[in-house]
Ligand code: UD1
């Protein structure tokens, strides 16, 4: 019995790894499920995709739909068209999607329209913020999902409220945390950690890529200024997402580089999309930007910001594990910070992962830069909460998913 496992963008890869490993283990023990790994190609850089496959022991995809960049609609259309063609030529008995990226929604639609049932890992979570593409992806996917594998009681409740029967909800825990726990002993510092003299608890990690935070240049620079000010001169390691790099190039232009390592290069597709963007490498892992004039806002990048390329999984989570705190607009990182017991300040107004706040180390700060300093003052005063691990985030979610799938698909003949 062939099931499709869909992955398209960076946050998908750590979610599929434990499911694939559990499927491989069951196959060795005589299980009947076989999988086809379909990469949509939504993320395609080695640093956004290939590095994760290698580090997490994910096999090479059986199929790559190679959709690449585009608007939301263009990506959705391309993924649907290409995945439909695959299913028509070589049908599978189930389409398993994870998370909330464009690939998740597009493949779920294509499959369900061909009467291939859909399973959604991380189903049911909601931020209530329709301005985020991920929220639309969650709602559309869940509206046409047969079986939900959920990470929290809140997700279960959200699904029940929309009329989903309990028989279709499997509260299994968090596959992203399976991956973190499985790799805890393999986490390793990036090469620049020594160069920058990073000491445990004496630096911050920040990631920002949400359109609301990074697409408007001035607002983004004000946010960076607030991060620089509130962190009291401690190094702030900032792995820059390609979308964020584009904005930085536009508002700050080429920034002095010192050694050429760990720099943020201009992505080739960025060049196609934005010919006006400076193409010079922007920055390095060394102190950058102090005194750099900002043509749009007349401000400068904070002196303690250390801009680096997107980091591979093992290096990124090493950085988080040893940081004083994380400042982010990501969703997944709030879960990892919770399990690593590292304070997490989320620069968003909403979250689809409320358990990281009620149980974990996360707090919603909002997107107003003025809110950041008081929160960081509390952190420096030692007043951050401790947090605990949410139920079933225990490293065995992948196995529970595969066991449930074997039961659900037991009566299928092919
Ligand atoms: C996507 C997900 C988001 C996730 C994020 C993590 C959706 C709607 N959003 O956003 O939930 O948190 O990934 O990374 O699916 N680019 C590259 N190299 C790549 C991939 C992208 O340069 O390997 C560029 C694209 O050309 C584009 C920009 O980055 O200019 C944004 O990529 P896109 O796939 O549109 O979405 P993300 O912002 O990465």
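Here, each number is a calculation from the coordinates, and none is a lab measurement. Quick caveat: nothing in here was measured; it's all calculated off a predicted structure. All Cβ positions, even for glycine, are placed from backbone atoms using ideal geometry, and neighbour counts span all protein chains on display.
Numbers below:
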| item | result |
| --- | --- |
| Residue-span extension gain [residue 181 to residue 406] - 0.36 nm each, minus C-alpha spacing | 78.6 nm |
| Rounded, prolate or oblate (a/c below 1.5 giving rounded, otherwise prolate when a/b exceeds b/c) for region 176-257 by Cα gyration tensor | prolate |
| Whether region 1-49 is rounded, prolate or oblate, judged on the alpha carbon gyration tensor where a/c under 1.5 counts as rounded | prolate |
| For peptides 51-63, 302-314, 333-345, sequence by mean Cβ density within 10 Å, most packed first | 333-345, 302-314, 51-63 |
| Among 206, 358, 346: highest mean-square fluctuation, GNM of the chain, C-alpha pairs under 10 Å | 358 |
| In degrees, nearest ten, helix 10-28 long axis to first principal axis of the chain (Cα) | 40 degrees |
| Cα long-axis angle, helix 102-113 against the chain (0 to 90 degrees, to the nearest 10) | 20 degrees |
| Theoretical gain in end-to-end length, residue 165 to residue 27 [0.36 nm per residue, Cα-Cα removed] | 46.6 nm |
| Mean Cβ count within 10 Å, highest first, over the residues of peptides 390-397, 173-180 | 173-180, 390-397 |
| The chain: angle of helix 72-89 to the longest principal axis, Cα-based, in degrees nearest 10 | 30 degrees |
